[in-house]
1. Under the definition of Cα pairs under 8 Å and six or more residues apart, what whole-number percent is the relative contact order of the chain?
2. Placing +1 on the Cβ of each Lys and Arg and -1 on the Cβ of each Asp and Glu in region 260-439, which of Ile345, Phe329, Leu412 has its Cα farthest towards the positive end of the resulting dipole?
3. Using the Karplus curve 6.51 cos²θ - 1.76 cosθ + 1.60 with θ = phi - 60°, work out ³J(HN,Hα) for each residue of region 72-85 in order, rounded to whole Hz, and write x for Gly and Pro.
4. Give me the extension gain from Tyr257 to Glu108: residue separation times 0.36 nm, minus the current Cα-Cα distance, reported in nm with one decimal.
5. I want to check the label-to-label distance for Glu285 and Arg441. Put each point 7 Å from Cα in the C-beta direction and report it in nm to one decimal.
6. Given the chain, what percent of its DSSP beta bridges are antiparallel, to the nearest 5?
7. Please state the shape class of region 3-252: rounded when a/c is under 1.5, otherwise prolate if a/b exceeds b/c and oblate if not, all from the C-alpha gyration tensor.
8. May I ask you to derive the FRET efficiency for Asp557 and Asn217 from their Cβ-Cβ distance with R0 = 56 Å, giving the value to the nearest 0.05?
Amino acid sequence: MCGIFAVVNDKNENAPQTVLDGLKKLEYRGYDSWGIAVRKLKTPIIEVEKHIGKIGEAKTSLPPSRVGLGHTRWATHGGVFDKNAHPHLDSKKQIAVVHNGIIENYLEIKEELIRKNHRFLSETDTEVVAHMIEETLKEKKDYSIGDFVAQVFAAFKRLTGSNAIGVLDSKTETIVACRNGSPLVVGVDERNHQLFLSSDIPALLKHTKKVYFLNDNEAAVLNKNLFQVYDLKKEKPKKIILETVNLKISDAEKEGYPHFLLKEIEEQKRTILKTIEKNQDRIREAAKFVKSRKIIFTGCGTAYHCALLGKYFFAKSGLAADAIQANEFSAFRYLIDDKTTVMAISQSGETADTLLAVKSAKKNKAKVLAVINSRGSTLERLSDFFIPIQTGPEIAVVSTKAFTSQLAVLYLLAKILVNKEKVALMKIRLLARKLSHWLDRGLKDQLINLAKKLLKEKHLYIIGKELNYPAALEFALKVKETAYTHAEAFASGELKHGVIALIEKGIPCFVLISKDEYENDLISAATEIKARNGTIFGVSPADAPVFDYHIPTPDVDELTIIPNIIVGQLLAYYLGVGKGADPDKPRNLAKSVTVK
Ligand code: M6R
């Protein structure tokens, strides 16, 4: 939630444009507003530009500069107005601050500062940071970099909550970044002596692949002569080793697709198998972490649906496991002990609720196994073992390819545990082959036409049974978040227990079916809906007379749920486009939910 990007020593003295380009790559982290602060070239003056809404094709009119700091916001404190957009300044306009997180004690700090005659211009929690630094620096008339750095550290250490900040000082032309709970990564372009600060990797790829992921309670000081990481607790410099990230610029580009979402849906033809090929050994090793232990899967949103499917996969292998939504984890924390392995599923590895769940599990001495996409994340560091699914950056806010790769990992893990690795691998390869033929123009045209038919519908129902029930939940979530259409998933067996009362003439009901022992149950449920004049859309390998409309999916045994879900992803995409929504950036959402 919220994206931070900064450049120090911009080689073209075009920091405004460099920061703007960086923010465009981070916009998926929040798109309520954006803003940039730069230090003017010859005078220690900060100039700021702020706008509400998405960046889109925005241009900047800020003056040339070597140092700039920007932010793209997902609003927490204060409405979506220019005044609440970051960066925020101190009273003298010498210090600019951007922030990702929530400062839980900001009101207490703000009141103190108001008593000292500070005037606040925004309703945000962030603005206090600029004023705190101003207040403590005012005693030092001619302050040095060291003084500035010390005051940023002091201010940051007073904040409670999960936070990451970037602070630009116009006098010393220095940026200080501090992290506790929200991600920050420093990019080092050694050739051009430029330094970058970013919330995530995609924004850095254009400049460098050499990075350092800040850990919690670390800070980085960046200026034209210096890059130093500090241990915030000891306030001492630290030696670090830069990492080289294994991604291409094109991984973070649309590559001719109208939207990242469509690109990422299509990439699933390759990503699922790629994840498995790259991680086969790690998945085998992960099996040691779970063998003979109590297993609890956790995650939020789509990652929770993956967790739930993990529970089903394990159950089908005769292995007991539970799945708990990370945001409901606290109710079950007493069930966690040193014999438990918590399997945390997360694309970003930064979801606040998932991190809280994992921390509470660790307190109870559980082992944590994480299945994540973004490298260097907090979850990766907190875990005892992790599987990096390596699908490449997932830029669309809505999760698709990360989900199916994580699912394939859990499937293979469940099979390895019962010595069925070979068969599972065969099925995953078969799935990849079938997806590459099936996910074609024909399927897309069919779903474009279907989306046109369904554009005006207010409600869609999706039913499934066994593996197709969590699949239906995921199908429904895609439609809700991408097309803003109310979509509700039900276990088909629940219909008679109340839900069937919702069925009225013409209401669209999707039925997700695989060629398995539940096929007939689902056909019966569809028939009951049809008897009440519902319209049946069958998503399944085989057609059936009860279907008003059939969307054929390839038969890959229990993995048929993956193409069944992909139908939901594509339908949601075309519905969203048809409704004029932005499928890459659905309203009110952000890619990584770093606040609880
Ligand atoms: O980064 P994570 O996988 O931890 O994110 C979890 C959820 O916030 C995420 O899956 C969310 O539900 C997406 N909007 C799904 O498309």
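1. Contact order relative to length: 11 percent.
2. Comparing the listed Cα positions along the dipole, Leu412 ranks first.
3. Result, rounded to whole Hz: 10, 10, 10, 4, 10, 9, x, x, 7, 10, 3, 5, 8, 5.
4. 48.8 nm
5. Each label point lies 7 Å from its Cα, and together they span 4.5 nm.
6. The antiparallel fraction comes to roughly 60 percent.
7. rounded
8. About 0.75, to the nearest 0.05.
The values are calculated or read from the model by the stated rules, or taken from the named source; none is laboratory data. All figures in this text were calculated on a predicted structure; none of them were measured in a lab. All Cβ positions, even for glycine, are placed from backbone atoms using ideal geometry, and neighbour counts span all protein chains on display. For the accessible areas, the whole protein counts, side chains as well, though only heavy atoms, and no ligand, DNA or RNA atoms are used. Shrake-Rupley method; radii C 1.70, N 1.55, O 1.52, S 1.80 Å.
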